[in-house]
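S.K.: Before I ask anything, let me first share the structure, which is written out below as structure tokens.
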There are 2 protein chains.
Amino acid sequence: MIRLSNTNQRRIIIEELRRIKCHPTADELYEIVRQRLPSISLGTVYRNLELLADCGEILKLEFAGRQRRFDGDIRRHCHLRCLHCGSVEDIRIPGVELLERELDKFLGGRIRAAQLEFTGYCRDCAAKLGVTPSASAGRSRASSFMN
Amino acid sequence: MIRLSNTNQRRIIIEELRRIKCHPTADELYEIVRQRLPSISLGTVYRNLELLADCGEILKLEFAGRQRRFDGDIRRHCHLRCLHCGSVEDIRIPGVELLERELDKFLGGRIRAAQLEFTGYCRDCAAKLGVTPSASAGRSRASSFMN
DNA sequence: GTGATTGCAAACTATTTGCAAGAGA
DNA sequence: TCTCTTGCAAATAGTTTGCAATCAC
């Protein structure tokens, strides 16, 4: 694994990405980091996010929308992408660990990773738009994990 | 559902996308369509692909930060995205139907869709790069579906 | 005829890159 | 010291948009 030198910029980028619980785009993170390091440039943020993702320090989320997003939490978990605002939310679904273990069995050879992704509505948009579990009735299990 | 008028450009775009079995980008499809309709513009291809995806006639494959791809086959299936060349390949994995049925149980409420995506190497790149099933040994099931 | 669609070109957005100056080991 | 990294700005890549002309119904 590549050893990255410990610059102020890089350290603060990691710190802020780990601290916030959302999944910011490069420019969102740039604005956040700028509050601690006003002279940092957007290019530096992009370069570091790329490097850090290559090293496995952070996660690059490419499945979603137009803009790339980043996640400071590299533990395996699922994401829900909002169809309305494009945000990405961590999602815990009971029983999904079993599915993931099944998925892992497919890894090997040409396949290096498998991911489980969900699309729907984030908490905020669901509330604003009046999305309710009854919107797709008949799938009663759904309501058990949505809150 | 929106009713789209039947223009020559639109018809040929759908026909060609359904005919080819890969997952072209807008400009790849533009080049293909141009062989039948030399005066078509790239903008028209973009506009139609967007509309057709909105209508559910085709599938839009979005990977943030890279090029969008389109799929004329809207039946449920998995994709393998190549880490080397960025191409997207349909992938058939025995047993995946069971996983998908399990995934469907999560749908409802805020969650509208679940998808299973794989990353790794396409057939061509795997051959070129010498990627072999033994690359991640110990996961013996893997070789059973890779060819 | 009227609204939808087209070709063209310019605009826009996200991301990457070249380069000289500066920081880290 | 010497390489890696930074800030800046320009470049690039992919996509979207405005507009006048044209087409489908």
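Here, each number is a calculation from the coordinates, and none is a lab measurement. Given the structure is predicted, the values throughout are model-derived calculations rather than measurements. Every residue, glycine among them, receives a Cβ derived from its backbone with ideal geometry; neighbour counts consider all protein chains shown.
S.K.: For the rotation taking chain A to chain B, which residue of A has the Cβ nearest the axis, and how many Å away is it?
M.R.: A:PHE63, 2
S.K.: Which one, B:ILE12, B:ILE111, B:ILE74, has the greatest fluctuation when you compute a Gaussian network model over chain B with C-alpha springs under 10 angstrom?
M.R.: Taking springs between Cα atoms under 10 Å, the residue moving most is B:ILE111.
S.K.: If we hang a label 7 Å off Cα along the beta carbon direction at A:ARG112, how far is it from the matching labels on the other copies, in nm, shortest first?
M.R.: 3.2
S.K.: Another question, if that's okay. Along the Cα→Cβ direction, 7 angstrom out, place labels at B:GLU15 and A:ARG47. What is the inter-label distance in nm?
M.R.: That separation, rounded to one decimal, is 5.1 nm.
S.K.: Could you work out the relative contact order of the range B:1-105, using alpha carbon pairs under 8 angstrom and six or more residues apart, expressed as a whole percent? Could you put the intermediate results ahead of the total?
M.R.: Values: 105 pairs, mean separation 24.7, N = 105.
Computed over the range B:1-105, the figure is 23 percent.
S.K.: Nearest 500 deg cm²/dmol is fine: what mean residue ellipticity at 222 nm does the protein assembly as shown get from its DSSP H runs of n ≥ 4 alone, each adding -39,500 (n - 2.57), divided by its residue count? Show your work: numbers first, answer last.
M.R.: Working: 10 runs with 100 residues, N = 294.
Calculated from helices alone, the mean residue ellipticity at 222 nm is -10000 deg cm²/dmol.
S.K.: Then there's this: With charges only on Cβ, +1 for K and R and -1 for D and E, what is the dipole size of chain A about its Cα centre, in debye, rounded to 20?
M.R.: Values: 25 positive and 19 negative charges, 16 e Å.
With only Lys, Arg, Asp and Glu charged at Cβ, the dipole is about 80 debye.
S.K.: Can you work out the FRET efficiency for the pair A:ILE74 and B:ASN6, with r the C-beta to C-beta distance and R0 = 41 Å, to the nearest 0.05?
M.R.: Values: r = 49 Å, r/R0 = 1.20.
Taking R0 as 41 Å, the efficiency between A:ILE74 and B:ASN6 is 0.25.
S.K.: How many nanometers, to one decimal and shortest first, lie between the label point of B:ARG18 and those of its other copies, if labels sit 7 Å from Cα toward Cβ?
M.R.: Listed shortest first, these distances are 5.4 nm.
S.K.: Now, a different point. Kindly give the distances from B:LEU51 to its copy-mates, label point to label point, with each label point 7 Å from Cα along Cα→Cβ, as nm values to one decimal ordered shortest first.
M.R.: Label-point separations across copies, in nm and ascending: 4.7.
S.K.: Let me ask you something else. In whole Hz, with x marking every Gly and Pro, tabulate ³J(HN,Hα) for the range A:51-62 from phi via Karplus 6.51 cos²θ - 1.76 cosθ + 1.60, θ = phi - 60°.
M.R.: Karplus values, whole Hz, x for Gly and Pro: 4, 5, 5, 4, 7, x, 6, 9, 10, 9, 9, 9.
S.K.: Roughly what % antiparallel, to the nearest 5, for the DSSP beta bridges in the protein assembly as shown? Don't skip to the end; give the middle numbers.
M.R.: Details: 25 of 33 bridges.
Antiparallel bridges: around 75 percent, rounded to the nearest 5.
S.K.: In debye, nearest 20, what is the charge dipole magnitude of the protein assembly as shown about its Cα centre with +1 on Lys and Arg Cβ and -1 on Asp and Glu Cβ, if you could check? List each step's numbers first, then the result.
M.R.: Details: 50 positive and 38 negative charges, 23 e Å.
For this selection, approximately 120 debye.
S.K.: What residues of the range B:23-38 lie in the reach of a label at B:CYS85, counting those whose backbone N is under 12 Å from a point 7 Å from the Cα along Cα→Cβ?
M.R.: Counting only backbone N, you get B:23.
S.K.: Build a GNM of chain A with springs between Cα atoms under 10 Å: which of A:GLN67, A:GLN35, A:GLN115 gets the top mean-square fluctuation?
M.R.: A:GLN35
S.K.: Another question about this same structure. Determine the dipole magnitude for the range B:1-74: charges of +1 sit on the beta-carbon of Lys and Arg, -1 on that of Asp and Glu, nothing else is charged, the reference point is the Cα centre, and the result goes in debye to the nearest 20. Display every interim value, and only then the final one.
M.R.: Values: 13 positive and 11 negative charges, 29 e Å.
Approximately 140 debye in magnitude.
S.K.: Going by a ≥ b ≥ c, the root eigenvalues of the Cα gyration tensor, does chain B fall in the rounded group (a/c under 1.5), the prolate group (a/b larger than b/c) or the oblate group?
M.R.: Cα axes put chain B in the oblate bin.
S.K.: Give me the one-decimal nm value for the distance between modelled label points at A:LYS60 and B:ALA127, 7 Å along each residue's Cα-to-Cβ direction.
M.R.: Simple spin-label model gives 2.7 nm for this pair.
S.K.: In addition: Taking the dipole about the Cα centre of the range A:1-74, with the C-beta of Lys and Arg at +1 and of Asp and Glu at -1, give me whichever of A:ALA53, A:THR7, A:ILE20 is farthest to the positive side.
M.R.: Positive-end residue among those listed: A:THR7.
S.K.: What do you get for trypsin sites (Lys or Arg not before Pro) in the range B:68-112 restricted to DSSP loop and a cutoff of at most 13 other Cβ within 10 Å of the site's Cβ?
M.R.: Working: sites: B:ARG68, B:ARG69, B:ARG75, B:ARG76, B:ARG81, B:ARG92, B:ARG101, B:LYS105, B:ARG110, B:ARG112; in loops: B:ARG68, B:ARG75, B:ARG76, B:ARG92, B:LYS105, B:ARG110.
Qualifying residues, ordered by number: B:ARG75, B:ARG76, B:ARG92.
S.K.: Are any of the pairs A:LYS60/A:LYS128; A:LYS105/B:LYS105; A:LYS60/B:LYS128 more than 23 Å apart by Cα-Cα distance, and if so, which? It would help to have the intermediate numbers written out before the result.
M.R.: Numbers: A:LYS60/A:LYS128 29 Å; A:LYS105/B:LYS105 21 Å; A:LYS60/B:LYS128 26 Å.
A:LYS60/A:LYS128; A:LYS60/B:LYS128, as the Cα separations exceed 23 Å there.
S.K.: Springs between alpha-carbon pairs under 10 angstrom, Gaussian network model over chain B: which of B:GLU89, B:GLU102, B:GLU50 fluctuates most?
M.R.: With Cα springs under 10 Å in chain B, the top fluctuation among B:GLU89, B:GLU102, B:GLU50 is at B:GLU102.
S.K.: For chain B, what proportion of DSSP beta bridges, expressed in % and rounded to the nearest 5, is antiparallel? All intermediate terms of the calculation are to be shown ahead of the outcome.
M.R.: On the way: 8 of 12 bridges.
About 65 percent, rounded to the nearest 5.
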